[in-house]
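Here's the structure, in structure tokens; my notes come after.
The values are calculated or read from the model by the stated rules, or taken from the named source; none is laboratory data. Keep in mind that what you see is a predicted model, and the values were worked out from it rather than measured. FYI the Cβ positions are ideal-geometry reconstructions off the backbone, even for glycines, and counts take in every protein chain you see.
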Amino acid sequence: MPAFSLDPAQTAWCAELRTLAAERLSPLAEKGEPGRVNRPLVAELGQLGLLRRLFSAGAVDLCLMRETLAYACTEAETALALQGLGAHPVHAHGTPAQRERWLPRVAEGSAVAAFALSEPGAGSDAAALELRAERDTSRPGGPGETPAASVASVASVAAEPDGPARWRLTGEKCWISNAPEADFYTVFARTTPDAGARGVTAFLVPADRPGLTGAGLEMLSPHPIGTLDFDAVPVTADDVLGEPDRGFRVAMGTLNLFRPSVGAFAVGMAQAAVDATLAHTARRDAFGSKLKDLQTVAHQVAEMALRTEAARLMVYAAATAYDVGAPDVPKRAAMAKLLATETAQYVVDKAVQLHGARALRRGHLLEHLYREVRAPRVYEGASEVQRGIIAKELYTNMEAGQ
């Protein structure tokens with residue numbers, strides 16, 4: 001894989017985006033309510049053309065956006081990423097009707113998307129999900145209607161979709177970003193029992209479907225995250241993304257694209273912590289000199305910068321591999337996410353230590369980053385899962401003689 005470096009146009013665009021994030025996105029982020037979707041912020045991302053860019057960007061461009069926004073405004077970065085994660089399956093696998101209905105609204109920032117994969121008992125082991133999609137060929141109010149549907153209101157029944165094949169979704173999703181406030185969800189449900197990853201189907205489920213409810217969760221990071229409850233929620237063949245029983249491919253294809261960009265998010269936070277530490281240690285007096293003149297401090301800062309740059313290079317190597325269609329994308333994506341998120345945790349923690357108590361004060365940049373940096377080591381596949389993917393790919397390649 002060739003070495004990665006930014007060309008002048010990319011460098012200039014990142015500088016412009018960083019300025020826009022500071023001037024137009026950060027003020028909106030500050031007005032947002034923790035744990036709730038910040039719709040004015042999402043709308044501004046659309047106004048700036050960043051959400052539309054999600055659907056034309058390659059993995060490298062996506063990483064550039066996420067790293068740059070993470071440096072200047074983590075809330076804007078997360079809002080952008082969640083729109084991309086929830087809408088990418090529609091962009092990549094949706095029917096013309098699905099794409100026409102939802103993608104323009106996502107691009108302009110008027111519709112909020114969500115990616116609903118995790119469940120209370122199926123987080124890291126996504127193939128073990130239990131949300132059931134049960135065949136239902138009956139008409140509303142006719143023979144064979146499920147008990148849950150039989151008590152639906154007239155308005156709810158009228159809102160049910162019509163289509164050549166019908167299912168009802170029953171079960172629960174948990175740890176879903178943008179839930180329960182999203183306008184539509186990419187939902188992964190089991191259509192064939194006891195079939196592991198082979199029996200999962202992806203559905204596009206509008207939020208107003210009868211039987212779909214949810215609740216928010218209070219988390220360490222102030223992002224909108226919640227649960228979804230499916231009580232015989234009706235879906236049809238017109239709601240399927242891709243092919244029935246092939247939804248796991250939809251999920252993994254989306255994650256292979258977004259995992260390196262999670263690493264880019266982490267790199268952006270790490271770089272912000274490095275720069276804050278450089279400024280602090282250069283001006284802070286301690287023991288008769290500046291902090292930067294103490295060898296133990298200087299060496300820690302050097303280590304922080306070294307690890308951040310190493311993570312950055314791996315992230316963009318993985319993104320480049322994705323863009324050129326390299327065969328080892330799953331391994332590279334896992335390596336990039338693992339190294340970058342673990343590195344960001346290390347760098348932010350060191351930055352807090354070198355800043356002292358001031359970094360723990362509510363509202364300080366590092367206090368904010370300290371809360372933000374923990375979650376990426378868990379979501380979209382925990383660090384332990386990434387190690388498992390890497391090992392599996394290594395042994396598979398060895399057995400294939402590659």
Under 8 Å between Cβ atoms, at least 6 apart or on separate chains: pull out the pairs that start in segment 283-305 with a residue that is in contact (Cβ under 8 Å) with a residue 40 or more places away in the chain and end on any residue that is among the acidic types (Asp, Glu).
LEU291/ASP285
I'd like to know if segment 309-317 contains one or more residues that are small (Gly, Ala, Ser) and modelled with pLDDT under 95.
yes
Is it the case that VAL262 is touching a Phe, Trp or Tyr at 6+ places or on another chain (Cβ under 7 Å), among the β-branched types (Val, Ile, Thr), under 30 Å from GLY123 (Cβ atoms) and part of a helix (DSSP H, G or I)?
no
Would a scan of segment 288-308 turn up a residue that is at pLDDT below 95 and in contact with a strand residue (DSSP E or B) (Cβ under 6 Å, 6 or more places away or on another chain)?
no
Number of positions in segment 82-102 that are surrounded by fewer than 21 Cβ atoms within 10 Å (Cβ to Cβ) and of a type outside the set (Asp, Glu):
8
For segment 260-282, give me each residue that is more than 20 Å from the chain's Cα centre (by Cα) and farther than 15 Å from LYS350 by Cα.
ALA282
What number of residues within segment 356-399 satisfy the criterion of being in contact with a strand residue (DSSP E or B) (Cβ under 9 Å, 6 or more places away or on another chain) and farther than 16 Å from GLN345 by Cβ?
0
Apart from one, (1) outside the structural domain of GLU372 (by TED's automatic domain parsing); (2) at positive phi all hold for GLU218; the odd one out is (2)
How many residues does segment 246-287 contain that are under 17 Å from HIS91 (Cβ atoms), among the polar types (S, T, N, Q), modelled with pLDDT of 90 or more and out of contact with any Ser or Thr (no Cβ under 9 Å at 6 or more places or on another chain)?
1
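So that you can scan it fast, the table gives a plain yes or no per residue for (1) closer than 27 Å to GLY356 by Cβ; (2) in the same structural domain as PRO330 (by TED's automatic domain parsing); (3) surrounded by fewer than 24 Cβ atoms within 10 Å (Cβ to Cβ):
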{"position": "VAL240", "(1), (2), (3)": "no, no, no"}
{"position": "ASN256", "(1), (2), (3)": "no, yes, yes"}
{"position": "PRO260", "(1), (2), (3)": "no, yes, no"}
{"position": "ALA270", "(1), (2), (3)": "yes, yes, no"}
{"position": "THR277", "(1), (2), (3)": "yes, yes, no"}
{"position": "HIS280", "(1), (2), (3)": "yes, yes, yes"}
{"position": "ARG284", "(1), (2), (3)": "yes, yes, yes"}
{"position": "SER289", "(1), (2), (3)": "yes, yes, yes"}
{"position": "GLU309", "(1), (2), (3)": "yes, yes, yes"}
Does segment 236-255 hold any residues that are closer than 10 Å to ALA197 by Cα and touching a helix residue (DSSP H, G or I) at 6+ places or on another chain (Cβ under 6 Å), and which are they?
ASP245, PHE248
Taking segment 227-255 and keeping residues aliphatic (A, V, I, L, M) and either within 19 Å of the chain's Cα centre (by Cα) or not in a helix (DSSP H, G or I) (or both) leaves LEU228, ALA232, VAL233, VAL235, VAL240, LEU241, VAL250, ALA251, MET252, LEU255
